[in-house]
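Student: Below is the structure I would like to discuss, written out as structure tokens.
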Amino acid sequence: MKHAFFIILILGSSLAFSRTKGSRLTYDVSGSQSTLNDRTYQEINLGVNWFFSDWLIWRNSGFHRQAEDQDSVYGLDTSLRLQKEWINQGRTLGFKIFAGPGARFASERHNAHFGEAGLGFRLGGIQIGGGIKAIRYTHSREDKEGRPLPRDENQVFVTLSGGGTL
């Protein structure tokens with residue numbers, strides 16, 4: 001896990017210095033809600049996306065997660081995403097698909113690595129999307145009652161987001 005993360009960081013750093021035609025920074029604010037193991041959770045994210053090209057993105061997203069029977073968790077998700085987007089000239093109408101690996105640095109023994117994939121629709125400045133995130137936690141965890149939580153999670157998420165270009 002540590003080696004893979006450092007390889008991603010080195011790859012991301014080396015690509016950062018080779019600006020391509022599609023290189024740009026964007027930000028977004030998103031909220032999602034889902035159910036996992038019969039428990040509802042809500043997550044809010046503030047993300048910064050560095051597009052090395054139109055298809056390769058380094059995403060860093062601060063998050064806050066609230067769930068039933070669990071303490072709130074906050075931290076940073078960092079991921080390298082491959083993306084394909086079909087969008088009009090004014091960037092007001094489009095469709096995208098994405099996938100990639102990442103790492104979660106979080107409070108209360110919730111550090112993890114993950115893989116995620118999804119799709120999104122853009123209408124004006126709003127994006128509606130969804131996908132799945134497969135998470136593998138690095139430590140065992142417990143809920144507020146002391147019951148063990150699973151080490152592996154598959155989160156199905158729906159997001160509503162807005163953002164812009166920096």
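Student: At a 10 Å Cβ-Cβ cut-off, how would you order D152, D54, D77, fewest neighbours first? Don't skip to the end; give the middle numbers.
Tutor: Working: D152 9, D54 15, D77 22.
So the ranking, lowest neighbour count to highest, is D152, D54, D77.
Student: So, in nm, how far is label L93 from label N111 when the simple model puts each one 7 Å beyond its Cα toward the Cβ?
Tutor: That separation, rounded to one decimal, is 4.7 nm.
Student: Considering only lysines 8 or more places apart in sequence, or on different chains, count the pairs in the chain whose C-alpha atoms sit under 21 Å apart.
Tutor: Details: K2/K133; K21/K84; K21/K96; K84/K96; K84/K133; K96/K133.
Eligible lysine pairs with Cα atoms under 21 Å apart amount to 6.
Student: So, one more: Only counting other Cβ atoms within 10 Å, I'd like H110, H139, H64 sorted with the fewest neighbours first. Please list the in-between numbers first.
Tutor: On the way: H110 20, H139 10, H64 14.
Listing H110, H139, H64 from fewest to most nearby Cβ atoms yields H139, H64, H110.
Student: Report the gain in length on full extension from L46 to L82: 0.36 nm times residue separation, minus Cα-Cα distance, nm rounded to one decimal. It would help to have the intermediate numbers written out before the result.
Tutor: Working: separation 36, 0.36 × 36 = 12.96 nm, distance 1.95 nm.
Length gained between L46 and L82: 11.0 nm.
Read-outs throughout are calculated quantities, based only on the coordinates presented, and are distinct from any laboratory measurement. This structure is a prediction, so every number in the text was calculated from the model and none was measured. Every residue, glycine among them, receives a Cβ derived from its backbone with ideal geometry; neighbour counts consider all protein chains shown.
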